[in-house]
Each structure stands twice: as C-alpha cells, then as structure tokens.
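The values are calculated or read from the model by the stated rules, or taken from the named source; none is laboratory data. Worth saying up front: this structure is predicted, and the values here are computed from it rather than measured. Using ideal geometry, Cβ is built from the backbone for each residue, glycine included, and neighbour counts are taken over all protein chains shown. To get the accessible areas, we keep the full protein, side chains included, count just its heavy atoms, and leave off ligands, DNA and RNA. Shrake-Rupley method; radii C 1.70, N 1.55, O 1.52, S 1.80 Å.
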Amino acid sequence: MKKDRKPSNAHVLDKARVLGLLAENPGANKRDLTRLLGLKGSDRIALKRILKELEADGAIAGRSKKGFVKRGELPDVGVIEITGVDDDGEVLARPLAWDSNEEPPLIYVTPPKDGGAPGIGDRLLARLERQGEVYEARVIRRLQREAETRLIGVLRESANGWRLVPIDKKERTEYALDKADLNGAKHNELVAAEPRPGRIAGFARVRVAERIGSMDSPRTISLIAIHDHGIPTEFPGAAIAEAKAARPIDPQAIRKDGRTDLRAIPLVTIDPPDARDHDDAVWAGSDDDAKNPGGHVVLVAIADVSHYVTPGSALDREAMKRGNSAYFPDRVVPMLPEELSADLCSLKEGVDRPCLAVRMVFDRHGHKKGHVFLRAVMRSAARLTYARAQAAFDGKPDAEMSATVRKTLADLWEAYRSLSIARGKRDPLDLDLPERRIILGADGKVASIAYRERLESMKLIEEFMVLANVAAAEALEKAKTPLIYRVHDSPSKEKLFAFADFLRTLNISFAKGQVAQPGVFNRILAQAKGKPHEAVMNDVVLRSQAQAIYDPANIGHFGLNLARYAHFTSPIRRYADLIVHRALIRAFRLGEGGLTDREIAALPATAEHITMTERRAMAAERDSTDRYVAAFMEDRIGQTFDARVTGVTRFGLFVRLADSGAEGLIPIRALGHDYFHHDEKRQALIGQRSRITYGMGDVLAVKLMEAAPLTGGLRFAVAGGPEEAPRHGGRRPDQRPRKPAKKPRFKAKKG
C-alpha cells in the first residue's frame, strides 16, 4: 500500500473519490480510507454509507477486515483453489470467492518453497499480485479440505454416552461427543461431524456440523453416499435465479437466430421408463441420392444446453463444479437445476426445443459417407420407452402409436440393421455384464432386485449415439478446433500379464507380448461361452482394461475400437458434452455460446476435473447400491444362497449371489482351520494341508452371516461349515468347479 498522504480536498466525499482511492490503494479497508481521506466525526458515517452503496451497485466486492477491492479484481491475500495445469506445466487456480458474473481472472501459482506441488482441488491461502490480465499467487499456507476434516457417521446414545459410528468401512474406531456438541441431533441420525480438541473416555472428540437425516428413513441411504463423496446438492442462488429466468425458445426467432427448422421431421425419444431427462432424439430414412442405393440418412438431435448455459455464467460455474449428474435408486443429483434438466432442455413430446443435430449419411453396408452439424429447433413426435420401441420392432406396436411414429421406428430399425454390419467389422469389445435394477416400494424400501432386461432397442440407441459422438470428434478435428475427447487406453502390460496367468489356469493360451486388440478379448470370451467360467471371464476381461477418461489429447478409444471419440449426446447430464457443443458452435459459426479462448486454455484442467467428478459419482452410485442391497438382505441373515467367486485376495473370497447380484466377502478365517495360501497367478486360495482350492469362477453354497446397511457390507460363510466345504464348491485338485444355472447375458454400456 502507498504511504499515507493528507489529501488537499478532504471535504470532497463521493463515490468517484472513493473508487479512485481504491484503485490507487488496492486492498484498503475502511480505516485506511478514513485516514487517506482525513475524515473525522460524522464524515466517517458518510463513508460507510458510500461503501454500502458501492457494494449494492456491484462496484466493489470483498468487504471484510482484509479490505475492499473493485468488482472484478482480487484482494492482495485470498483463498484460491487449484484447477489444473496448462500445456507448459504451469499450475492454474481460481479464486474461491468470486461475485462477478464475468469469468474470474486466471491465476498462475508459484511453486511453494517446501517443494510440495499442490494438486487439483487443493485450497491455498496466497498472496495475489496482478500481472496484466492475470494474477500470480505465492502460497502462504495450505488449507485443509473440508472433506478431510468432516466425518460422516451415525449418532448412537448408550449408557456410556454419545458416540459417532463412521460409515466408512475402513474406519475401525468410534468417536465421542459431548451433549453440547450434538447441535440438536438425535439418536440414530446421520450427521456430518468435525474434530474438536481433547478426548472423552479415550475416544477422539467431535461435534455435529450438519444434520443429514434419520437412519429410520430409507431415503437416507442415498444421502450417505452423496455426503460421503462430497457431491454438491444445493444450487447457489445465482444459478437458480438464472434457471428461473430462462424462457422457451421463441418460434418467431428461429430464422433470425440462424437455426434450421426440423419441426416437420418426426424425431422420437427412446429412453428407460424411469428416465428423468430426455436429451437425445433420433430419426432415420432412406437416402434418396441415386448414387447411394440402399443407403440411409440418420438424424440425431441433442438438447441445446449451450443456449441456456453460457460460458462464465453462474449456471456454467456450477455445472463445471458438479461435472455430471449422479443417479441413485431414489433420486438424481442433477448437473443443472430442474427448470432446465427436467423442462426447458428436455426434449418433451410435442414441444418446440432448441437442439444441436447431426445429419449422417450411410451406405447400405453401414459405412458413413458424410455428416453435417446443424443448430436447429425440433419438436419430438413421441416419447417412447425401450419396451414400446422393441414391441414395434417385433411387429407388435401398441394401438396408441401413430402411423407416423410407426414409420419412423421401421426406418430406424432398417438403418440399425445396416449399421450393425459395419459395427461387426469394427469388432468393439463385447462384454456380457449383468446390470442390477433396484426397485423401491411406496415406503421407500427395496421391494426387489432384478437384472435389467437387455433389448435390441437399447443397442440401437447406443449405436446411434456412438456414431454421433464419432462424428463430433471427426468434425472438430477437421476444423482444427480444440475439444475434450473421451479416450480409453489399451490395457497395461502388467494387467495383460496377470490376465495371461489366469488364462493359463484354464488351459487357454494368450501370448503376453502380443498387441492387444478388442477382437482378441472377444475371441476369448467366445471360447468361454456356455462353459462354467463364462461369467467370471467377463469380469476378468473387464478388470484387465484401463479406465476411460476425458482428455484434450487424443489416443483413441480402445474398447470401442475407434480412432477418435468425444461425448456429444448428453449435455444435460455431462459437462464434457457441453464443452463439445460449444466447440461445434465455434467451429461452424452456429451462433452465440461458442467455446471461448479462456475455456480452450483451461481444457486440460477441465478434462482432469470432470474425470474426477465422473469417478466420484460412479463411486457414490455404487456405494448407494451396496447399501440398498445390504438393507434388502438384512432380513435374510441365516439363509443359504448360490454364489460365484468373483475375487480372490489374501484375506478372503469375494462372492456374488446368483439371484440378486449382491456381493460380499467370505473372510479367510471362515474357510476353516487350515492355512490357505494365496496364489496370485491362479487367483486362488489353496489349503496347505487339505489342498482344498477356492478359485475365480467357483460356485459355492454360502450362508449370509451379516448385513450392514450403514456401510453396505455383506459377510458370508461357506454353507455347512468349513469341514463340508468341498461338497459346496471348494474343490480338491482333481475336482472340476460346479456349473451354475444359466443366467441371462448382458452387454456392457457404451463408453
């Protein structure tokens, strides 16, 4: 700050004078301004009034003990959050507090003196110095993340006082609370707690920071996973205000906005019956080009979320923060407020909706001849479920289905049959994996757990979406416009070696040094079809694969066997797709809302962040499912089930029940008094004295010993006791594993 100076015109006190001083003395507080202006007595009250007016006008922000700053500027010292690195390896950050509707300035972080590089999501207290249009941050100290200081658990009251039982399976201790630290919470209530100094009866002390819900309510099950994984649930007021202010597209402005009018084309949406948003619609027809006999035209129209969610807006900042929607048996935590996700951006039947569409032309063998992207307006001719569409494909359309919709479905089916030829030649990874569906009753409790039916109508939509995603990646590459790809690396050498070792136990050859291709895995899966190890082979192949991620650098998609692939078809629920939409708008000059230069510079950080949020949502969804299943199984303790060994570790066997897909652990101590060796290559536990072997794919009769809805854990024992294990599935070296009852086959979801 500059030296104090006595102003010659101290009696002149207005907004312009105060703003001028703040510009000369950034970070000045009210005391500083009083001294700089030479104010005394009642003049100080006038200054206070002016500062309030400037705040209300949005001219200044950051009113605190640390001083005032002009709107759009950062204070000398502030809290920042690491967002990623740029192409040169420079660490980037954004201010944690930012009140302007404009995008915050870019912050480059100088590496801290302790040498520890901060990671994405780390929060730092830093000195901020403006360098032109950007800021340089020098780290003062690291701040502990909220997720690291908060515990999620259930309150229990006993004769020994109040205890917090953590929901984390890895936590093996409880925490104690004083009555004054309950914050109104009651017995059996799910809470978020934070540490307090000291101990009570030898237990670490905590206090209730947030009451989440009663464990007596089935709806609390999803809340456990949501809070445990730190998924944001409440939208900021600014984002809600923007969503409520949004209006439907004006049909009169279609041509003015340069949109293509697709309302006469009978596009249809085909989704699960419980779909909460409808962001894709499809149509197909015969190509009337004489040079393409037997060819097809396919139109895939996607909700134009970019029309409502513009770069740098409050909606955009919150969508970026969430990264994606998260889906649970009883609710969805959406990426966008319901005003958009369930209404204005949802392709409702008979309603005009803005969309981004791709028109693709294929020859009679399913090979694409060309594509073009359009910014348009559409009107869905029908909202269909997979079951209704499948019935029409099977020649049994329902009576309520119009002739126009029947014709569209017939043309879609013909196009799909043609596209399946090309897909077969591409030979993507073809896994058969069961997908559980948890059905809740009116009371919110699990009524049943079943496997989802796999229909050709689902495969049709998946194939059309894959082709639209490919077209988006190809179009942007050709236009030399940066984007975020959906990439899937080939399996690592370590995973391939482990896979080869497992195959050797089944007398299946697999050269460790070969170049892995999806077709190689498909041939192994085909060999296992109809054999006892068919189901486990799909699990093992899946585990041998890398995880798909988002990245601005393209390495292709191994599982789909595609050279380039991007997510374009679900912008309501995935931020990656919104980025691709903006890139297409920029590349082909399709109007406002295109990708900005600032967004392009931040693509590496954005890709890393949304990869994290996707995995966070997947983990939360999986944990929620496990807890619902454990609650469902709680009444079945003591019952016996058929199960298959799906994992072998040094501490026991993971098994999956045949009827419900419920998964749990048989601890190694439950296998008997023998000492069991863990053979990693064979993926088996082998008794030292008895030579009894438990291996991947074995079918056992198991008894449910414990079900813990709080953690989602299930514990089993081999039925009949360890001494009878060989009769129930564990085998001696000369025995073959039991052949399970035949189960329905399922395909893997699209990448």
Taking region 505-541 only, how many residues are at negative phi and not in a helix (DSSP H, G or I)?
-> 15
Can you name the residue in region 228-240 that is farther than 9 Å from Glu318 by Cβ and at pLDDT below 95 and, of all such residues, is most open to solvent (accessible area, probe 1.4 Å)?
-> Glu234
Tally of residues being over 13 Å from Leu710 (Cβ atoms) and not acidic (Asp, Glu) across region 164-190 = 14
Would you please name the residue that is most open to solvent (accessible area, probe 1.4 Å), looking only at residues in region 481-504 that are over 15 Å from Ile579 (Cα atoms), not in a helix (DSSP H, G or I) and not hydrophobic (A, V, I, L, M, F, W, C)?
-> Asp489
With respect to the numbered conditions (1) surrounded by fewer than 21 Cβ atoms within 10 Å (Cβ to Cβ); (2) in contact with a Leu (Cβ under 7 Å, 6 or more places away or on another chain); (3) in contact (Cβ under 8 Å) with a residue 24 or more places away in the chain, which one is the sole condition not fulfilled by Val466?
-> (1)
Output the qualifying pairs, or none if there are none: Cβ atoms under 7 angstrom, residues six or more apart or on different chains, first residue in region 333-345 and farther than 17 Å from Met378 by Cα, second residue open to solvent by 10 Å² or more (accessible area, probe 1.4 Å) and of a type in the set (A, V, I, L, M).
-> Val333/Ile231; Pro337/Ile240; Glu339/Ala246
Can we say Ala410 is modelled with pLDDT of 95 or more and surrounded by 12 or more Cβ atoms within 10 Å (Cβ to Cβ)?
-> yes
Just a yes or no: is a residue in region 382-394 at pLDDT 95 or above, open to solvent by less than 60 Å² (accessible area, probe 1.4 Å), out of contact with any helix residue (DSSP H, G or I) (no Cβ under 7 Å at 6 or more places or on another chain) and among the hydroxyl-bearing types (Ser, Thr, Tyr)?
-> yes
Number of positions in region 580-602 that are free of Cβ contacts under 8 Å to residues at least 12 places away in the same chain and either hydrophobic (A, V, I, L, M, F, W, C) or in a helix (DSSP H, G or I) (or both) | 1
Please work out which one of (1) among the acidic types (Asp, Glu); (2) free of Cβ contacts under 8 Å to residues at least 40 places away in the same chain; (3) open to solvent by less than 10 Å² (accessible area, probe 1.4 Å) is the condition Asp577 fails and give its number.
-> (2)
Taking Ala284, is it touching a His at 6+ places or on another chain (Cβ under 8 Å), outside any loop (DSSP other than H, G, I, E, B), crowded, with 23+ Cβ neighbours inside 10 Å and of a type outside the set (Val, Ile, Thr)?
-> yes
Can you tell me which residues in region 330-340 are part of a loop (DSSP other than H, G, I, E, B) and open to solvent by less than 10 Å² (accessible area, probe 1.4 Å)?
-> Met335, Leu336, Pro337
Scan of region 289-329 for residues that are charged (D, E, K, R) and assigned to a helix (DSSP H, G or I), ordered by number | Asp316, Arg317, Glu318, Lys321, Arg322
Could you please find all residues in region 396-416 being in a helix (DSSP H, G or I) and of a type in the set (Ser, Thr, Tyr)?
-> Thr404, Thr408, Tyr416
Conditions (1) in a helix (DSSP H, G or I); (2) open to solvent by less than 80 Å² (accessible area, probe 1.4 Å); (3) touching a helix residue (DSSP H, G or I) at 6+ places or on another chain (Cβ under 9 Å): number failed by Arg423 = (2)
Just one listed residue, out of Ala670, Ala662, is of a type outside the set (Asp, Glu), within 28 Å of Ile449 (Cα to Cα) and open to solvent by 10 Å² or more (accessible area, probe 1.4 Å), and it is Ala670
When region 603-653 is checked residue by residue, the ones that are hydrophobic (A, V, I, L, M, F, W, C), open to solvent by less than 30 Å² (accessible area, probe 1.4 Å) and part of a helix (DSSP H, G or I) are Leu603, Ala605, Ala607, Ile610, Ala617, Ala619, Ala620, Val629, Ala630, Met633
Checked pairs for region 681-696, first more than 17 Å from Gly647 (Cα to Cα) and free of Cβ contacts under 8 Å to residues at least 60 places away in the same chain, second open to solvent by 50 Å² or more (accessible area, probe 1.4 Å) and hydroxyl-bearing (Ser, Thr, Tyr), C-beta under 6 Å and 6 or more apart or across chains, list as Gln688/Tyr675
Within region 654-678, work out how many residues are assigned to a strand (DSSP E or B) and of a type outside the set (Phe, Trp, Tyr).
-> 10
Out of curiosity, is His187 under 25 Å from the mean Cα position of the chain (by Cα) and either open to solvent by 50 Å² or more (accessible area, probe 1.4 Å) or within 30 Å of Trp413 (Cβ to Cβ) (or both)?
-> no
Cβ-Cβ below 6 Å, separation at least six or inter-chain, first residue in region 550-571 and touching a residue at least 40 places away in the same chain (Cβ under 8 Å) and under 18 Å from Pro604 (Cα atoms), second aliphatic (A, V, I, L, M) and in a loop (DSSP other than H, G, I, E, B): which pairs?
-> Tyr550/Ile484; Pro552/Ile484; Gly556/Ala563; Ala566/Leu483
Just to be sure, is Gly444 free of Cβ contacts under 8 Å to residues at least 60 places away in the same chain, at positive phi and assigned to a loop (DSSP other than H, G, I, E, B)?
-> no
If Ala243 passes every condition in (1) out of contact with any Ser or Thr (no Cβ under 6 Å at 6 or more places or on another chain); (2) crowded, with 18+ Cβ neighbours inside 10 Å; (3) free of Cβ contacts under 8 Å to residues at least 40 places away in the same chain; (4) not polar (S, T, N, Q) but one, which one does it miss?
-> (3)
Would you please name the residue that is modelled with the highest pLDDT, looking only at residues in region 60-94 that are under 30 Å from Arg17 (Cβ atoms) and open to solvent by less than 30 Å² (accessible area, probe 1.4 Å)?
-> Leu74
Looking at Lys681, Lys739, Lys743, which one is part of a loop (DSSP other than H, G, I, E, B), surrounded by fewer than 17 Cβ atoms within 10 Å (Cβ to Cβ), under 30 Å from the mean Cα position of the chain (by Cα) and modelled with pLDDT under 90?
-> Lys743
Search region 519-563 for residues being open to solvent by 10 Å² or more (accessible area, probe 1.4 Å) and of a type in the set (Phe, Trp, Tyr), and hand back the single one that is farthest from Val580 (Cα to Cα).
-> Phe558
